[in-house]
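A quick write-up on the structure given underneath.
The values are calculated or read from the model by the stated rules, or taken from the named source; none is laboratory data. Everything numeric here is computed off the predicted structure, so don't read it as measured data. Glycine also receives a Cβ, built like all others from the backbone with ideal geometry; neighbour counts cover every protein chain displayed.
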Amino acid sequence: MIYHSIDQLIGHTPLLDLPIDVPNSSRILAKLEMQNPGGSVKDRLGLEIIEEGIRQGRIIANHTHIIEPTAGNTGIGIALAAQKYHLPVTFVVPDKFSPEKQAIMKALGATIINTPSDAGMKGAAVKAKALAKQTPAAYVPMQFTNPVNPLTYERTLGPEIIADLAGQELTAFVAGAGTGGTFAGTARALRAAYPDLQAIAVEPEGSILNGGPAHQHRTEGIGVEMIPPFFKGLKINQVQTIADHDAFRQVRRAAAELGLLIGSSSGAALQASLNVARILPKHSTIVTIFPDGSDRYLGEGIYDKD
């Protein structure tokens, strides 16, 4: 098939039945979102943010300046989509985050402004809003509160998984929580088809969903400083809190044993899926999301042993 623009390559990623031993004779199916053109699950969101903004009249092609706080992947997705409509983009990124992701955003035409790591994403959001007040024709999509975020995954990722399963049973959905949009939107779509579905959110140590104190962590792309607004009214059966060393151990294992080059949030999702398999009934089917690949974290020693 011949495609005519990069946005046509977003979505319809593979669902891989992982060839590993899973407790209770269960299986883990992983949606390989690194196969999107920008390398992550957030390509879906970037495209929908821009196109919904145009539909609502908040974005005008060749004119509006997009400003957004991001850890990187959403920025890459927005930058890809912005090219189609010739939109200038500026991203506010805490300086602790992957230099590879920042380099990719710059390569796609974005301006990067760094904020102190200890201010977290809250600090980046404050800076983005301040910049918007000083910038003519600026629009801040604000992925952390924008309802387009969960709707993107409810409309795309969830239905794709249902189609991939082709009528097979599904016991549990296990996925990381950052903004919460991917988890919430996908869980809603899956639960509509599988009412008894167990929805398990994954966070790193240093995130607050399980009540622990907030602090910095090596696992990127997931973890929250406040409860995501998208979780309101959503039934979450369990939160799995995964230590950095367990997430990175699974990253190394996936490469060495499976030929899968995954990022640390994917390693956390894999560890959480294995944990959940131990407490689910025998022969359960677990679907998880591998949000991105290891290529954008190599400078951080993602394959180095602890």
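Listed values, structure above:
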item: Out of S26, S40, S98, S117, sole residue that is touching a His at 6+ places or on another chain (Cβ under 7 Å) and in contact (Cβ under 8 Å) with a residue 60 or more places away in the chain; result: S26
item: Meets criteria (farther than 22 Å from S26 by Cβ, out of contact with any strand residue (DSSP E or B) (no Cβ under 6 Å at 6 or more places or on another chain) and of a type outside the set (A, V, I, L, M, F, W, C)) for R252; result: yes
item: Residue match in the range 201-210 (condition: modelled with pLDDT of 95 or more and not charged (D, E, K, R)); result: yes
